[in-house]
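Everything on this sheet refers to the single structure shown next.
Please treat every number below as a calculation from the coordinates, not as lab data. Please read these numbers as outputs of a predicted model, since none were measured by experiment. So basically every Cβ, Gly included, is an ideal-geometry build from the backbone, and we count neighbours across all protein chains shown.
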Amino acid sequence: MRKKYLIGVDLGTAGTKAALYRLDGSLVAQASEDVPIRYPEPGVVEQDQEDFYRTAAHTVRTAIEQSGIDPHDIAAIGFDSQMAGVGAVDDQFQPVGPFDSWLDMRCEPYIEWLTRNHGDLITRLTGCPPTADHGPKIMWSRDERPDFYRRTAAFVMPSCYVAGRMAELTADKAFIDYTFLHFSALSDAQAGTWSDELIAILNVDRAKLPRIVKPWQVIGEVREKAAKDFGLAVGMPIVAGAGDTAAGALGAGIVRPGMIFDTAGTASVFAGTTDQFVADTTDRALLTMRSVVEGLWNPLAYIAGGGLALRWFRDTFYAEGRPTDTLYDEMAHEAEQIAPGADGLFFSPHLNGRVCPANAHMRGAWVGFGWSHTKAHFFRSVLESIAFEYAYYLGILRRLVPTLTLTEARVIGGGAKSSVWNQIKANVLGVPYQRLARSEFATWGSALIAGYGVGLFTDLPQKATETTATEGAPIANVPAITATYRPLVQQYIDWQRELSQTSRVFAAARAAYQEKMT
């Protein structure tokens with residue numbers, strides 16, 4: 001009997017989602033569950049790897065039970081996961097200790113050392129400047145937890161941990177797929193290999209690094225214990241899967257050069273699509289992720305808390321005890337009445353530091369306000385700031401790839417519902433903005449990878465395109481307004497550069513004062 005279904009599982013930072021799909025991409029059933037995060041002390045953020053397995057098992061089993069289907073009709077399963085944190089397993093593929101979250105900053109001294117001494121080389125080879133990712137975390141583990149490091153047989157991602165447990169792999173079969181490599185600080189991303197040069201610089205034991213595979217490679221089959229835990233059939237194929245951002249881009253149909261992927265969520269993520277690898281060694285703002293689709297790359301950048309800035313503004317200046325379910329619509333309507341540029345008011349959305357390029361000392365700021373500015377002006381400036389930041393990223397991408405022709409931006413996340421915000425972004429960037437009908441993208445991307453891995457379809461980009469429905473007509477930019485925004489974008493970029501320099505001066509002065517007082 002021909003298999004009828006696929007399963008995709010998204011192992012996020014705060015929660016796990018599992019979804020069961022038909023081969024045409026239609027959703028049959030889904031389930032989600034929170035994943036505990038521990039904050040034992042300032043700067044320390046850890047998770048239990050077993051929680052990734054436990055929540056994956058529970059959500060998959062729940063989705064199958066809700067659907068009422070026969071598990072033998074499921075063709076394959078694929079996982080995606082958070083990308084920059086790192087876990088460790090021993091020889092028998094058991095956890096050595098807690099998962100070191102991407103939010104954990106204990107490795108910051110190693111990031112600073114790598115940035116000062118080898119920043120350009122790491123950016124040029126991996127596509128990503130030094131940040132809180134695998135390499136610095138492994139270095140910290142080596143020096144600060146020597147027993148942990150000694151007992152580690154392989155460093156793994158959550159997707160590898162869960163898939164490996166299901167297939168009962170041993171550590172010598174641990175894997176990482178190529179969409180994670182930009183976050184390694186240890187790879188030659190273009191070649192799709194580990195870099196001997198970076199391994200030597202970081203002084204990492206190469207034997208502890210997993211083998212590099214393609215996302216759709218079948219890494220094993222569901223064994224008897226996992227079949228009971230997950231409610232699956234013994235022997236079902238498991239594919240390697242991908243990073244969550246890469247899986248989400250595939251699920252959203254981002255499969256051609258010139259497409260933009262905008263995740264308008266808690267963090268605002270801007271990703272372009274090119275057919276060539278680029279390394280942003282000048283600004284160190286873009287992180288170049290390898291797409292699931294062979295031959296494509298996604299240079300991306302993000303604002304930590306971009307969407308969260310909107311929520312903060314709503315709760316601080318608008319809520320006042322009122323129900324919040326319709327407040328965004330009211331705020332957007334008021335902001336829509338304000339002229340582009342908010343009458344000279346600019347906002348900096350980096351309320352807890354800038355990520356791209358990295359400056360932990362930056363904070364939120366407004367400049368240019370006067371007696372005539374209202375709450376609507378301030379909110380419009382918040383909306384425009386995200387678009388201006390995107391325009392900064394896009395300017396870097398255009399310098400790196402001068403021949404790039406933009407076709408459309410596809411937007412997902414809670415902010416995608418705002419036609420006002422989408423119109424602002426379209427006008428600032430000069431690119432049509434398109435909403436998508438699907439609500440879950442990473443799980444469908446993982447399911448697509450699973451189906452491709454077992455040969456249910458032969459053209460992955462085509463299948464992604466066919467199964468990604470759009471919602472409504474694209475929101476086109478208004479050329480006259482785009483022209484109005486152009487000098488404002490440059491003013492914003494210049495101001496951000498000055499604000500970044502000032503924040504470092506203030507931070508140094510603050511540190512000197514505190515040292516004097518102690």
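In this structure the amide hydrogen of TRP194, modeled in the peptide plane, comes within under 5 Å of the amide hydrogens of ASP188, none closer than 5 places in sequence on its chain. In order along the stretch 70-80, phi translates into HN-Hα couplings of 7, x, 5, 8, 8, 7, 5, 10, x, 10, 10 Hz, rounded to whole numbers, per the Karplus curve 6.51 cos²θ - 1.76 cosθ + 1.60 with θ = phi - 60° and x for Gly and Pro.
Among TRP297, TRP102, TRP312, sorting on how many other beta-carbon atoms sit within 10 Å of each Cβ, with the fewest leading, yields TRP312, TRP102, TRP297. Structural descriptor for the chain: relative contact order 15 percent, calculated from alpha carbon pairs under 8 angstrom and at least 6 residues apart.
Taking a straight Cα-Cα cut-off under 18 Å and skipping sequence neighbours fewer than 8 places away in the same chain, the lysines within cross-link reach of LYS4 are LYS463.
Relative contact order of the stretch 182-244, taken over Cα pairs closer than 8 Å and 6 or more residues apart, is 24 percent. Distance from the alpha carbon centroid of the stretch 137-167 to that of the stretch 278-329 works out to 29 angstrom.
In percent, rounded to a whole number, the relative contact order of the stretch 5-246 is 22, using alpha-carbon pairs under 8 Å and six or more apart.
Straight-line cross-link reach from LYS425 at under 27 Å between alpha-carbon atoms covers these lysines, not counting any fewer than eight positions away in the same chain: LYS375, LYS417. Counting beta carbons within 10 Å around each of LEU23, LEU383, LEU448 and listing the fewest first gives the order LEU23, LEU383, LEU448. Of interest is the spacing of the C-alpha centroids, which for the stretch 94-121 and the stretch 189-226 amounts to 18 Å. For the stretch 299-363, applying the loop criterion from DSSP together with a ceiling of 10 other beta carbons within 10 Å to the trypsin sites (Lys or Arg not before Pro) yields no site.
In terms of its alpha-carbon gyration tensor, the stretch 193-282 comes out oblate; a/c meets the 1.5 threshold, while b/c is at least as large as a/b.
Close amide H contacts of GLY97 (hydrogens built in the peptide plane, cut-off under 5 Å, sequence separation of 5 or more or a different chain): ALA88.
In this structure the amide hydrogen of GLY15, modeled in the peptide plane, comes within under 5 Å of the amide hydrogens of VAL35, none closer than 5 places in sequence on its chain. For the pair the stretch 38-56 and the stretch 431-477, the centres of their Cα atoms are 31 angstrom apart.
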